[in-house]
Amino acid sequence: MVVEHEKETNRQHVLDQLEEIESLGGEGLMLRKPPSQYEGRRSGSLLNIKTFHDTEGVVIGYVPGKGRHEGSTGALKYKMQSGKAWTRMGPKMRRSPASST
């Protein structure tokens, strides 16, 4: 697969490109140091840029853990200010619930 590359000229150019990509349904941009080559792993020469949306919610319940999480909380159920409800619990929260809030 060939991906189009464009040299960014300044911060505003990056933000304008990000807005355009997101308006087309894209998740974000990947910025690469000019002479670097693709590495099939995390790399200091590649930066992922995307918009982060944050909001408040209330924990309304939990789902018991299954498999390796049996006997502990599998996920928390949240209700957002918008009324939308969702269930999630990532590894960071599972390791240290009090410091993840």
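Quick notes on this structure:
- Being modelled with pLDDT of 85 or more and of a type in the set (S, T, N, Q) holds for only one residue in 37, 17, 81, and it is 17.
- Pairs are defined by a Cβ separation below 7 Å, a sequence spacing of at least 6 or placement on different chains, a first member in region 49-61 that is closer than 30 Å to residue 30 by Cβ, and a second member that is open to solvent by less than 70 Å² (accessible area, probe 1.4 Å) and among the acidic types (Asp, Glu); the pairs so defined are 51/22.
- Listed by first and then second residue, the pairs with beta-carbon distance under 7 Å, at least 6 apart or on different chains, first residue in region 62-79 and touching a residue at least 12 places away in the same chain (Cβ under 8 Å), second assigned to a loop (DSSP other than H, G, I, E, B) and loosely packed, with under 14 Cβ neighbours inside 10 Å, are 74/66.
- Candidate set from region 2-11 (those that are open to solvent by 100 Å² or more (accessible area, probe 1.4 Å) and farther than 13 Å from residue 49 by Cα); member that is modelled with the lowest pLDDT: 2
- Annotation for region 14-24: no member residue is in a loop (DSSP other than H, G, I, E, B), among the small types (Gly, Ala, Ser) and without any contact (Cβ under 8 Å) to a residue 12 or more places away in the chain.
- For region 12-28, the set of residues classified as farther than 18 Å from residue 52 by Cβ and surrounded by fewer than 10 Cβ atoms within 10 Å (Cβ to Cβ) consists of 12, 24, listed by residue number.
The values are calculated or read from the model by the stated rules, or taken from the named source; none is laboratory data. None of the values given here were measured: they were computed from a predicted structure. All Cβ positions, even for glycine, are placed from backbone atoms using ideal geometry, and neighbour counts span all protein chains on display. Ligands, DNA and RNA are stripped out before the accessible areas are found, and what is left, the full protein with its side chains, is counted by its heavy atoms. Shrake-Rupley method; radii C 1.70, N 1.55, O 1.52, S 1.80 Å.
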